[in-house]
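**Q** Submitted below is the structure of interest, expressed as structure tokens.
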Amino acid sequence: MAWYSKAITEKKQQKNTLWVKCKQCGSHIWQDEWDNNLNVCPNCNFHGSISAHQRAELLFDDGTFYEMFTDISPVDSLNFKDLKGSYKDKIEENKKKTGISESVVSGRGQISGIPAVASIMDFRFLGGSLGSGTGEKILQAANFAYDNHLPYIVFSASGGARMQEGVLSLMQMAKTCAGVARLNKKDIPFISVLTNPTTGGVTASYAMMGDLNIAEPGAVIGFAGRRVIEQTIGEKLPEDFQTAEYLLEHGFIDAIVNRKDLKEYLSKVLSYYNR
Amino acid sequence: MVVNTGVKVLVQKEQTQKKVNGKQVASQRTAWDIVKISRHPERPVLQDYIKHIFSDFMELHGDRYFSDDHAIIGGFATIACQKVMLIGHNKGKSALENVERNFAMAKPEGYRKALRLMKLAQRFNLPVVTFIDTPGAFPGIEAEERGQAESIAKNITEMASLEVPVVSVVIGEGGSGGALGIGVGDRILMLSNAIYSVISPEGCASILWRDASFAPDAAEALNITAHALLNHEVIDEIIQEPGEGAHTDYQKITDEVKNAILKNLRTLVNIPTDVLLEKRFEKYSAIGKFQTS
């Protein structure tokens, strides 16, 4: 899986504090410059991963973000073990590594003065996979938006459903979409922002269900993995297959917006919401 | 664990899948044995159930946008005296037919046809019955191009608020999003040798074990059997298969499935729509296990 190898590259990068090597163009960028540019390559505009809390900071007006449902974290209910160890250990590892307790951060705040609710996925936590806790935090935030009649924004960054939770993770697709369905019924705006990568069960549930679907440039967005498709058809896929640009071309995305412009873009969209 | 890839006739003792004090007694078959039964070439498929269970089936075609997907079929149908909208994955009965039906791996047009028929069911005030039997949604270029993810996402979302009762029966393979795309129901029934999984055991093994031959281990770890899923409160009911599997007695299994569907429909059709939708929302809100500290 492409996102998996990328995650490994990213890990290697973290060890080097002086500079970052862009995964797309290979150029070396000073860490300070990389940080100041919001983890976007100044040479080729590659949008690297960014933590959920960094995103919350970028999105919400200073001091207005209030995180919710922080007490929710994964549990190894299937007692899942693979070759490399148990899911239980992986959960603890990821909590320690990221400082967050699930692959999504939910909260509310103001975006250019407009109150809104957001759930932001964090790819560093188990590849942003959709587990029961993730589904719960996304649904709870949707319910909060529903109860308070507030627009809801979800930022996706995920390899898909979390295998270590079996069908329980698959059912989170139905659970989160049930929340989205209620927002639809009440005509509450739901905006989906798809970032690199958004694949599998996350794409096949809430991420594609936005009243507006917005993507960051170059984000890989798809249902089946690249390798699986290549095996099915027996040939190599074109370079741009399953990119944000490809999806825009095929009618599944409203707009591609640079990370630095996202807040302004979303503020503008919300300003059109005449509730 | 025994690693076996071919289909073999099981010589194991008959399963003891009885309810004891409300708890399921563990099956003697391994998860991998059950995977093989669920994929048995002689296992009854949707068209067999249509023949045995429904006295009338008016197939309706097309998604109105692109084409008619033969991997998912649907239409008006009558079971006993109950008129319903029947939708399901349809595997072929021969190699040739399987190719024509793409091994029940639907493309976006299949999911969009299914949604059209569900909306039609709402218009006609008919309960929806779905049969799930797919290795997964089709992973191909044209499927991605036409929005495989969007079509499944849309169905899952729309089914959450569909204003008629929905009963889903997993008769063979419940392959991930491809299964869920027609599987968000008020009642989820599952045959005792059917499977329902977030990823195929082979796919999971090749990612987490780095080797697809560990599929039997993955099958065990993923908790994909009807018994495991009943325990995790993902499904509502198990339909017991005869002896060595559904393929050994078509009459018996189709009777069982018919009775189970009718029993559930009888309850569901009497529930007022607003209560039905509230209960459906609660049902899916409650699925999943996590910690709160």
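**Q** Hey, can you tell me all the residues within region B:76-127 that are in contact with a Leu (Cβ under 9 Å, 6 or more places away or on another chain), under 24 Å from B:Val164 (Cα atoms) and among the aliphatic types (A, V, I, L, M)?
**A** B:Ala77, B:Ile79, B:Ala80, B:Val84, B:Met85, B:Leu86, B:Ile87, B:Leu117, B:Met118, B:Leu120, B:Ala121, B:Leu126
**Q** Step by step: first the residues of region B:211-224, then only those that are part of a helix (DSSP H, G or I) and hydrophobic (A, V, I, L, M, F, W, C), then the one that is farthest from A:Lys81 (Cα to Cα). Which residue is that?
**A** Ranking the candidates gives B:Ala212 first.
**Q** Can you tell me which residue in region B:215-234 is surrounded by the fewest Cβ atoms within 10 Å (Cβ to Cβ), limited to those that are among the aliphatic types (A, V, I, L, M) and more than 9 Å from every other protein chain (Cβ to nearest Cβ)?
**A** Here the residue is B:Leu230.
**Q** For residues that are basic (Lys, Arg) and part of a helix (DSSP H, G or I), scanning just region B:107-161, find the one that is farthest from B:Ser192 (Cα to Cα).
**A** Step by step, filter region B:107-161, then rank; the result is B:Arg123.
**Q** Let me ask you something else. Filter region A:134-171 down to the residues that are facing another protein chain (nearest Cβ under 7 Å) and either within 15 Å of the chain's Cα centre (by Cα) or of a type in the set (A, V, I, L, M) (or both), then identify the one that is surrounded by the most Cβ atoms within 10 Å (Cβ to Cβ).
**A** By that ranking, first place goes to A:Gly135.
**Q** Let me ask something else. Scan region A:233-275 residue by residue and report those that are within 14 Å of chain B (Cβ to nearest Cβ) and among the polar types (S, T, N, Q).
**A** A:Gln242, A:Thr243, listed by residue number.
Here is a yes/no grid of residues against (1) at pLDDT below 95; (2) within 13 Å of chain A (Cβ to nearest Cβ); (3) farther than 30 Å from A:Lys81 by Cβ:
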position: B:Phe124; (1), (2), (3): no, no, yes
position: B:Ser161; (1), (2), (3): no, yes, yes
position: B:Val164; (1), (2), (3): no, no, yes
position: B:Ser168; (1), (2), (3): no, yes, yes
position: B:Met190; (1), (2), (3): no, yes, no
position: B:Ile195; (1), (2), (3): no, yes, no
position: B:Trp209; (1), (2), (3): yes, yes, no
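**Q** Could you pull out the residue among B:Ala137, B:Ala104 that is away from chain A (no Cβ under 14 Å) and among the small types (Gly, Ala, Ser)?
**A** On inspection, the qualifying residue turns out to be B:Ala104.
**Q** Shifting gears a bit: Give me the pairs, please: first residue somewhere in region B:277-292 and facing chain A (nearest Cβ under 7 Å), second residue anywhere and in a helix (DSSP H, G or I) and of a type in the set (Asp, Glu), beta-carbon distance under 8 Å, and either six or more positions apart or on two chains.
**A** Taking only residues 6 or more apart or on different chains, the pairs are B:Gly288/A:Glu136; B:Gly288/A:Glu165; B:Lys289/A:Glu165; B:Phe290/A:Glu136.
**Q** Here's a follow-up. Among the residues of region B:78-93, how many are out of contact with any helix residue (DSSP H, G or I) (no Cβ under 7 Å at 6 or more places or on another chain) and modelled with pLDDT of 95 or more?
**A** Result for region B:78-93: 4.
**Q** Exactly one condition in (1) touching a strand residue (DSSP E or B) at 6+ places or on another chain (Cβ under 8 Å); (2) surrounded by fewer than 24 Cβ atoms within 10 Å (Cβ to Cβ) is false for B:Gly172; which is it?
**A** Among (1) touching a strand residue (DSSP E or B) at 6+ places or on another chain (Cβ under 8 Å); (2) surrounded by fewer than 24 Cβ atoms within 10 Å (Cβ to Cβ), B:Gly172 violates only (2).
**Q** For region A:121-133, give me the residue count where each residue is surrounded by fewer than 24 Cβ atoms within 10 Å (Cβ to Cβ) and away from every other protein chain (no Cβ under 13 Å).
**A** Residues meeting the conditions: 1.
**Q** Mind listing just one residue for me: the one in region B:192-206 that is more than 22 Å from A:Ser205 (Cα to Cα) and without any contact (Cβ under 8 Å) to a residue 40 or more places away in the chain and, of those, surrounded by the most Cβ atoms within 10 Å (Cβ to Cβ)?
**A** B:Ala205
**Q** Further question: Would you call A:Asp32 surrounded by 14 or more Cβ atoms within 10 Å (Cβ to Cβ) and not small (Gly, Ala, Ser)?
**A** For A:Asp32, the condition - surrounded by 14 or more Cβ atoms within 10 Å (Cβ to Cβ) and not small (Gly, Ala, Ser) - is not met.
**Q** Could you list, in sequence order, the residues of region A:72-92 that are surrounded by fewer than 19 Cβ atoms within 10 Å (Cβ to Cβ) and more than 8 Å from chain B (Cβ to nearest Cβ)?
**A** Within region A:72-92, A:Asp76, A:Asn79, A:Gly85, A:Ser86, A:Lys88, A:Asp89, A:Lys90, A:Glu92 meet the criteria.
**Q** Another question, then. Report those strands (runs of 3 or more DSSP E) wholly inside region B:51-106 carrying at least 3 residues which are under 18 Å from the mean Cα position of the chain (by Cα) and not polar (S, T, N, Q).
**A** Output list reads B:72-79, B:82-89.
**Q** Just need a number here: residues in region A:202-220 that are within 8 Å of chain B (Cβ to nearest Cβ) and in contact with a helix residue (DSSP H, G or I) (Cβ under 7 Å, 6 or more places away or on another chain).
**A** 6
**Q** Just checking, how many residues over region B:67-98 are without any contact (Cβ under 8 Å) to a residue 12 or more places away in the chain and within 22 Å of B:Pro41 (Cβ to Cβ)?
**A** Total satisfying the criteria: 5.
**Q** Another question, then. Which one is most open to solvent (accessible area, probe 1.4 Å) among residues in region B:242-293 that are outside any helix (DSSP H, G or I) and within 17 Å of B:Cys81 (Cα to Cα)?
**A** B:Asn270
The values are calculated or read from the model by the stated rules, or taken from the named source; none is laboratory data. None of these values were measured; they are calculated from a predicted model. Positions of Cβ are backbone-derived with ideal geometry, glycine not excepted, and every protein chain shown enters the neighbour counts. Ligands, DNA and RNA are excluded from the accessible area calculation, which covers all protein heavy atoms including side chains. Shrake-Rupley method; radii C 1.70, N 1.55, O 1.52, S 1.80 Å.
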